[in-house]
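Colleague: I have a structure here, written as structure tokens, and I will follow up with some questions on it.
Just so you know, all these numbers are worked out from the coordinates, no wet-lab data involved. None of these values were measured; they are calculated from a predicted model. Neighbour counts are summed over all protein chains in view; Cβ atoms, including those assigned to glycine, are modelled from backbone coordinates with ideal geometry.
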Amino acid sequence: MSGASSVDVVVFVLVVGARLVVPLFIGRFPLPAILASLVIDGVDKSIFQATTDLDLSDYQSYDKALDIYYLAITYLAVLRNWPDRFAAGVSAALW
């Protein structure tokens, strides 16, 4: 992020911070936190493109890592909260 303005850095920290913090609420509030994670994942690149001048050439690599992060937390919440083994197996297959 060399050459990035302070606004670029703030937007980057807020968006990536949201992608790291919101999934931590999946265990306590599963549906709202999963939906919020999906929405943030869906709009993060658009936010970067609209509000910053950041070079997004490496965007795909960290986006995929953050996707795996929230999907793994979701999968762990499913294993912990769903007593039906068949439903948990379907969830595992979809993950």
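Colleague: Output wanted: per-residue J couplings in Hz (rounded whole) for the range 78-95, from phi through Karplus 6.51 cos²θ - 1.76 cosθ + 1.60, θ = phi - 60°, x for Gly and Pro.
Modeller: The phi angles translate into 5, 4, 6, 9, 9, x, 6, 5, 5, 4, 5, x, 4, 4, 5, 5, 6, 5 Hz.
Colleague: Let me ask something else. What percent do you get for the relative contact order of the chain when only Cα pairs under 8 Å and 6+ apart count?
Modeller: On the way: 60 pairs, mean separation 31.0, N = 95.
33 percent.
Colleague: Taking K and R as +1 and D and E as -1, what net charge do the other residues with C-beta under 13 Å from the C-beta of Thr52 add up to?
Modeller: Numbers: positive: Lys45; negative: Asp8, Asp44, Asp53, Asp55.
After counting each charged neighbour, the total is -3.
Colleague: With charges only on Cβ, +1 for K and R and -1 for D and E, what is the dipole size of the chain about its Cα centre, in debye, rounded to 20?
Modeller: Values: 6 positive and 9 negative charges, 108 e Å.
Taking the Cα centre of the chain as origin, the dipole is about 520 debye.
Colleague: Shifting gears a bit: Restricting to DSSP H runs of at least four residues, report the calculated mean residue ellipticity at 222 nm for the chain, -39500 (n - 2.57) per run over all residues, nearest 500 deg cm²/dmol.
Modeller: Values: 4 runs with 71 residues, N = 95.
About -25000 deg cm²/dmol.
Colleague: Follow-up. Just need the Rg to Rh number for the range 6-94, please, alpha carbons only, Kirkwood Rh. Kindly include the intermediate steps, with their values, before the conclusion.
Modeller: Numbers: Rg = 15.1 Å, Rh = 14.2 Å.
Here the Rg-to-Rh quotient is 1.06.
Colleague: Something else about it: Given the options Ala36, Val11, Phe25, identify the residue whose Cα lies farthest towards the positive end of the charge dipole of the chain (+1 on Cβ of Lys, Arg; -1 on Cβ of Asp, Glu).
Modeller: Towards the positive end, the residue furthest out is Phe25.
Colleague: Kindly state, to the nearest 0.05, the FRET efficiency for Ile47 paired with Leu94, given R0 = 30 Å and r defined as their beta-carbon distance. Let's see the in-between values first.
Modeller: Working: r = 28 Å, r/R0 = 0.92.
According to the calculation, E is roughly 0.60.
Colleague: What FRET efficiency would be calculated for the residue pair Val21, Ser61, taking the C-beta separation as r and a Förster radius of 22 Å, to the nearest 0.05? The partial results should precede the final answer.
Modeller: On the way: r = 21 Å, r/R0 = 0.94.
Calculated value: 0.60.
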